[in-house]
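Every number in this text was worked out from the coordinates using simple rules, so none of it is lab data. On a predicted model such as this, the values are computed, not experimentally measured, just so you know. Note: ideal-geometry Cβ built from the backbone for every residue, glycine included; neighbour counts use all protein chains shown.
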Amino acid sequence: MCIERGCQALLPAFGTQVTRAYELKPPGGAVRRLRLMLISFIKRGRNSASVSLTIVFIMSRCDHISLLRITEGKEVCLLDDDRLDRAMQPMTNPFAQYPSLQFFIGRKAKDLALLELFPHNNVRRGHQDRNCVANLRLDASSISCNRPILFADSDPLSVIYRNHEAASCHRTTSYSVPWAVASDHSLYDILHARLFFLFTDVICIFADDFKDHGSVTDRLNTWATIESASDLPREIRPRVVIVASDQVEKLRRNKQSWSTVNTRNFFSSIELLYLPGDYLSPLARYRRLKDTLLRQADEIRWLRISKHYLFSAVHMSRLFSQALQHTVDSVNQPFSFIRASREGNEITEDYSDHLLTFFKLGARCEVPYSSLISFVASSILMDAYPSNMHSGSLMITWSLLSKLTIKQNSIRHLCSTPCIEHLASKRFEHRGIPYH
């Protein structure tokens, strides 16, 4: 049952149960007319045992696809249009879907590639804001998959008009960026290096859209100089695919300029891919690129699973909001996925003291050591898995706990024993949930 928010209050009065509600915005005076139609429909069916109601609205579509926008007045501000949440709305089960984010950087060559890589999306449609930093879309063919594809794109050579264009079709949050004016790097590069790439699996750079191969190298080295804000293992940092046709030989000969120590630390890998010319059909021309992107995304996915850092759509959305706030507050401090996932349920510095006290009391009362270990393990599991928590939070909890001062052999043994991991995997297997 889909109902307009203004009509929702009418249904209980007629004994109709609301099973699902969406906030929709029909144009003009359509709301009043729809309310009258709704009342008439319910009155005709109120004497029946049950009323099955479906209302289809012809709505004004929100076609804003900007992930972030920039505005500048007395101060520089970032405008968050809640695009990540809106892009994920069509997903069938966001709690059990684990999206992969692919990031495309370029201009004309990038736009042509997006048309072929995502044929089920109308890539040309969408409101292009002049003060946009990046756009974000959901691959229409993967909406129901357990690993849907999100794809973002940006133009590294565009001039961002820092004006504020208000939009009434969605929520917009403004963030002041006090460090933007004094920064040595552009806000565009900082947002990519320290925010967008935190959640990106594969970065696809179209070298033909740059002035020369040196510009591609400079961009990679700039991001590496800014440094990543991620505290995740290097293996699951984004992989780079440089796509080139005209400049592929120059890039290959000058590999040492873009495959430096800094770039290898910033990215988990950098791969150069040749894009054939127009003598091939579009399907054949982009086939290898599509296969490469999917392969790279799959490999990153399995690495995330093994490291317990595969996030669902709901968790990705929440973590992105926290990372955005962190980036606005500080451009130098790393973003801790561990601490962000436990916001409101932090592990304090006296955690190990409480464990020590518990073990001392247990020893004084001659409680079997195995019982103490099992009890503590069970308590940590209950703390690590509140409702709808990321299933890898056990590792997150243990990562924080292991950094605290360990003052007793029993606590040290508990931190190293596999019993917690074993209990966690058993619990998830019993519930039919994959342990990520």
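A few points about this structure:
- Taking 288, 137 and counting other C-beta atoms within 10 Å, the order from fewest to most: 288, 137
- Under a model in which nothing but the beta-carbon of Lys, Arg (+1) and Asp, Glu (-1) is charged, the range 92-155 shows a dipole of about 100 debye around its Cα centre.
- Residue order, fewest to most beta carbons within 10 Å, for 71, 327: 71, 327
- Loop-located chymotrypsin sites (Phe, Trp or Tyr not before Pro) in the range 246-345 (DSSP state not H, G, I, E or B) with no more than 11 neighbouring Cβ atoms inside 10 Å: 279.
- Sites residue 189 and residue 89, calculated FRET efficiency, Cβ-Cβ separation with R0 25 Å, nearest 0.05: 0.25
- Efficiency of FRET from Cβ geometry, residue 346 and residue 294, R₀ 35 Å, rounded to 0.05: 0.35
- Listed residues 141, 268, 79: farthest to the positive end of the dipole of the range 66-335 (Cβ charges): 141
- Entries of 211/255; 108/211; 255/307; 110/250; 108/255; 110/290 with Cα pairs more than 22 Å apart: 255/307; 108/255
- Once the C-beta distance of residue 371 and residue 262 is scaled by a Förster radius of 60 Å, the resulting FRET efficiency is 0.70 to the nearest 0.05.
- Dipole of the range 186-343 [Lys/Arg +1, Asp/Glu -1 at C-beta], most positive-end residue of 337, 305, 242: 305
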